[in-house]
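Working notes, beginning with the structure itself.
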């Protein structure tokens, strides 16, 4: 085994019998090269596997088959690098690469390629040279001197190596040829590569010919077109055709800002010089028309009357008193200060509570045009800012499209489901929305397609969201959040009786038919056919009910229809959900009613626990998030730290594991609010004490036993009331949130407050 200085090469595969200049610039490489030139003027070279690595890991980062080379000449360059002329001698197998004082050394052994003269090898050599000649003719990349040199070589191996070095092919193919030691096999592989390259070169030649022919045709058209344009300019036109002239007149007479007008005029001049039906002309014309279609300077007169706004909101929506008050407060300020900037309204709440219809009502009360922009599933920044005109099929972003559809510069634009945006490699649309919703920036909002500023400061933006946690912080800070909570059963009953039933009767052509539906039947639909925070599914079920009624009216020619609890199933089929109120209030060991907030409102979250043989470990099931898992560990640790306080037998944990399960495993669950419920479940399992099923609880637990406040109290309490819970335990710091709970809910339940876990234990667990 021999040892010489070693140099890794980037994007250069060297072959024996060839000479090539080599540029050396990396620190380690310079030290190695200088050492090699001072010693034997020899070194070992091999290609890096990853050319982007500045300092590859050796020897893994280079190919094992390299070459032995002689240094012929070196020239220092101004940038401290060196240009070196090398002659490659032989193939080598690199056993190891060692670094000493910054200098790389390779331990190697020379590989001798086997070559025996045979008729097959002679024929193979001639075929390779013939194909290489054909390749050189097609590509014009091979010098005549090289062809003469090749014909003077006798050894097939040297011929194959020289051709492989001079071929314009991918590095991996050259490495493959370098590593084939059998000359016959190397020759056949080289034939395959040459055939592929010749085919590609032939196709390229055909393409070049077609392009040349088209260029000749276009040159002819260009001269003719230039003559026409010259004549038209003499007549006072801009060039092009009548359609171009029409566009020019539109630009001249449009209320565009001066900068935008100049930009379009420049674009029109370019359009006039293009072939009328060329792809470039089509793109240019579409751009000019898109800009002209925008409502530059068109302002809808505003009728900001608070009484009208109040009446519209009351007419279209039941309840939501706090929400309506906040909207009216906002409109009052806007009336006093018409130039008010800043606040963007964001209506946040579960699906079906009326966010979209509220935004429409705001637009109606203001007398402004209304446009809805759906943002659900938007992942590309270009959806907001538009595509640059360099892309095929480019178009403006959704905001500019909304302005165009609205027909004015001051519409109400609803940004629906702003929390459903996501990001990928194409950019972050939420970042683009920052400019849209920032009153300091949106006066000069620049869509990539328009490539000119457009004033969005007069637009009244209203956003809707189901989950505020999904909205990035900087974007959330630009909006004034108005929370819409779940409807109670009583509110749903009122909405159904006063809005949904009348609407469904009208839509299904039953105005002439007397239809009576009992309140109990409506409540049964609410409890057993829907499971939601809003009334969207309730509306759907009532519509389905009235379609069945319509069919009955047609079949029986009935003039009146009565619907009650007894005959409801004959119209809607069996109930879709088990009513939560059917839960039995019998105390149980290891079963606790927690409270959770979901995208469809508040609901009870049952926590179940059992003992199993083990060594004192805690296992969790039910599709839990990281925060919830941490809450469970905190609860477990707190109880283990207070065994004596809660009279827990310490020997139990030596022989038993605790398994906690959260039913409805397919539903993801996360957050700290189940902390006290988890603690109660574990304590019940360890002590055998029963948990009162008339209680439900929510609150975060600390490792010292403190009960911390949580969010979504109103929704959670409504959910507990829906489930027939009579007693609720809340954190002491959540007392202020109780004021938001509707009176019809509060009269049926009793709320207890806890500041430490001892308070929870006394209330929820039997003695």
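The values are calculated or read from the model by the stated rules, or taken from the named source; none is laboratory data. Source: prediction; values computed, not measured. Here the Cβ positions follow ideal geometry from the backbone for every residue, glycine too, while neighbour counts run over all protein chains shown.
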(message) Here is a check on your reading of the model: is residue 260 within 17 Å of residue 449 (Cβ to Cβ), at pLDDT 75 or above, assigned to a helix (DSSP H, G or I) and touching a helix residue (DSSP H, G or I) at 6+ places or on another chain (Cβ under 8 Å)?
(response) yes
(request) Name every residue in segment 273-305 that is closer than 30 Å to residue 498 by Cα and either out of contact with any helix residue (DSSP H, G or I) (no Cβ under 8 Å at 6 or more places or on another chain) or surrounded by 14 or more Cβ atoms within 10 Å (Cβ to Cβ) (or both), in order of residue number. (result) 304, 305
(request) Report yes if some residue within segment 125-143 is more than 56 Å from the chain's Cα centre (by Cα), closer than 25 Å to residue 67 by Cα and either free of Cβ contacts under 8 Å to residues at least 24 places away in the same chain or not assigned by TED's automatic domain parsing to the domain that holds residue 31 (or both); otherwise report no. (result) yes
(message) I'd like to check something: does segment 332-344 contain any residue that is farther than 22 Å from residue 441 by Cα, touching a strand residue (DSSP E or B) at 6+ places or on another chain (Cβ under 8 Å) and not in a loop (DSSP other than H, G, I, E, B)?
(response) no
(message) Can you name every one of the helices (runs of 4 or more DSSP H) wholly within segment 648-767 that holds 1 or more residues which are at negative phi and surrounded by 23 or more Cβ atoms within 10 Å (Cβ to Cβ)?
(response) 675-687, 713-722, 757-764
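Results for (1) free of Cβ contacts under 8 Å to residues at least 60 places away in the same chain; (2) in the same structural domain as residue 323 (by TED's automatic domain parsing); (3) surrounded by 15 or more Cβ atoms within 10 Å (Cβ to Cβ); (4) not in a loop (DSSP other than H, G, I, E, B), shown as yes or no for each residue.
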position	(1), (2), (3), (4)
456	yes, yes, yes, no
462	no, yes, yes, yes
498	no, no, no, yes
501	yes, no, yes, yes
512	yes, no, no, no
531	no, no, yes, no
545	yes, no, yes, yes
(request) Could you grab me the full set of residues in segment 19-51 that are closer than 27 Å to residue 160 by Cβ and buried (at least 18 other Cβ atoms within 10 Å of the Cβ)? (result) 22, 43, 44, 45, 46, 47, 48
(request) Considering every residue within segment 309-318, establish whether at least one is outside the structural domain of residue 602 (by TED's automatic domain parsing), under 30 Å from residue 396 (Cα atoms), touching a helix residue (DSSP H, G or I) at 6+ places or on another chain (Cβ under 8 Å) and at pLDDT below 80. (result) no
(message) Which condition from (1) exposed (fewer than 14 other Cβ atoms within 10 Å of the Cβ); (2) in contact with a strand residue (DSSP E or B) (Cβ under 6 Å, 6 or more places away or on another chain); (3) in a helix (DSSP H, G or I) is the one that residue 636 breaks?
(response) (1)
(request) Taking residue 86 as the residue in question, decide whether it is within 15 Å of residue 46 (Cα to Cα), touching a strand residue (DSSP E or B) at 6+ places or on another chain (Cβ under 9 Å), surrounded by fewer than 14 Cβ atoms within 10 Å (Cβ to Cβ) and in the same structural domain as residue 46 (by TED's automatic domain parsing). (result) no
(request) Filter segment 154-165 down to the residues that are surrounded by 11 or more Cβ atoms within 10 Å (Cβ to Cβ) and without any contact (Cβ under 8 Å) to a residue 40 or more places away in the chain, then identify the one that is farthest from residue 197 (Cα to Cα). (result) 159
(request) At least 1 residues that are under 24 Å from residue 177 (Cβ atoms) and free of Cβ contacts under 8 Å to residues at least 60 places away in the same chain in each: list the strands (runs of 3 or more DSSP E) lying fully within segment 4-118 that qualify. (result) 42-47, 65-76, 82-100
(message) I'd like to check something: does segment 238-248 contain any residue that is in a helix (DSSP H, G or I), touching a strand residue (DSSP E or B) at 6+ places or on another chain (Cβ under 9 Å) and modelled with pLDDT under 75?
(response) no
(request) Please work out which residue is surrounded by the most Cβ atoms within 10 Å (Cβ to Cβ), limiting yourself to segment 617-629 and to residues that are part of a helix (DSSP H, G or I) and touching a residue at least 40 places away in the same chain (Cβ under 8 Å). (result) 628
(message) Among the residues of segment 151-169, what is the count of those that are assigned to a loop (DSSP other than H, G, I, E, B) and closer than 13 Å to residue 16 by Cβ?
(response) 2
